[in-house]
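Note sheet for the following structure.
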Amino acid sequence: MIPTRIDYAARELGYGFRRSLRSHLAPVVLMAVALFVFGLFLLGTKNLQKVVRLAQEKIGITVYLRDGTGEEDLARLADLFSRLGGVRSARYLSPDDALEEFRRTLGPREYLLEGVDGNPLPASFDLELYDDWKTLDRIRALVSELEAESGVESVVYGENWVGKLETWIYFFVAVDLFLGIVLGVATLLVVENTMKLAVADRRDTIEVLRLVGATPTQIRIPYLLEGAILGLAAAVLALLLLRESHSFAASRLPGVLFLEPFGVFLFLLAGGALGAAGTLLSLNRYLRYKKA
């Protein structure tokens, strides 16, 4: 029974493509456009995540020390930072090191320091935080603890900048989630309505199968396979368009990311699944309508 069903599905699938190869062009193109738009959303999300990560990497704490802080206090603070929750690493900068780093930051404008007498920069520790500690509430709690330590003059972490970044991250996540749901549903609806073209083109064949006693499952299998193949072809076409769009963007914005190999595989898999799902929805509606 199983080999017979497989043979039937294969023969019906091949017949369908030979019979209406030209009529399959429109569904593939329409699905490719829908998948291309969804792919642009995925690429935008991926690159937005990269921007957020780069911004979060710059979040840190600088602990400025009082003038005349001795070796004993330096050793005590260094030991404290190594044991402090949330601190990944601590880098000590002597006044000379801080001045040299400031010179490198100025670059060609290093001449601005020529009129400065001595070294006005204090010794400091640059603290790198773990990612899950880069929130405004946790940083504030950590800063309060550090400011109470002897030998600490001030603690700087860019409160306004960190707060704004955190707000924008929440905003982008909410918008990204909303757009993902809307585009996902819209893509599925486009695929479903597109696959109605293929189902309508084969309505005579479906009716004959019903009259000779074929079960709904036997009717669906060849068309599900056909829809999956059309969806896969549309995903390939959409990927080619996405690759060209990425190349165009990368020539103007170096560093723009594309889908990773596993992401490409999932995109192709999603195309096939959407094609099959759209076909299933169209078939179910057609069969329910005929039954009624």
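Per-residue answers, yes or no, for (1) closer than 30 Å to residue 182 by Cα; (2) in contact with a Phe, Trp or Tyr (Cβ under 9 Å, 6 or more places away or on another chain); (3) at pLDDT below 85; (4) among the β-branched types (Val, Ile, Thr):
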| residue | (1), (2), (3), (4) |
| --- | --- |
| 48 | yes, yes, yes, no |
| 65 | no, yes, no, no |
| 71 | no, no, yes, no |
| 78 | no, yes, no, no |
| 89 | no, yes, no, no |
| 96 | no, no, yes, no |
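Return the total of residues in the stretch 78-99 being surrounded by 15 or more Cβ atoms within 10 Å (Cβ to Cβ), in contact (Cβ under 8 Å) with a residue 24 or more places away in the chain and in a helix (DSSP H, G or I).
So the count comes out to 4.
Test of understanding: among 230, 237, which residue is within 19 Å of residue 196 (Cβ to Cβ), touching a residue at least 60 places away in the same chain (Cβ under 8 Å), assigned to a helix (DSSP H, G or I) and over 19 Å from the mean Cα position of the chain (by Cα)?
230
Go through 274, 209, 230, 237 for me and flag whichever is modelled with pLDDT of 80 or more and either among the aromatic types (Phe, Trp, Tyr) or surrounded by fewer than 20 Cβ atoms within 10 Å (Cβ to Cβ) (or both).
Within the list 274, 209, 230, 237, the selection yields 237.
Across the stretch 39-77, what is the total count of residues that are more than 35 Å from the chain's Cα centre (by Cα), outside any helix (DSSP H, G or I) and at negative phi?
So the answer is 6.
Within the set of pairs 6 or more residues apart or between chains, which connect a residue that is within 14 Å of residue 231 (Cα to Cα) inside the stretch 273-292 to a residue that is of a type outside the set (A, V, I, L, M, F, W, C) and modelled with pLDDT of 75 or more with Cβ atoms less than 6 Å apart?
As it stands, the answer is 274/231; 275/227; 275/231; 276/227; 279/223; 279/227, since those pairs meet every condition given.
The values are calculated or read from the model by the stated rules, or taken from the named source; none is laboratory data. Since we're looking at a predicted model, the values are computed, not measured. For neighbour counting, all protein chains shown are included, and Cβ atoms are generated from backbone atoms with ideal geometry for every residue, glycine included.
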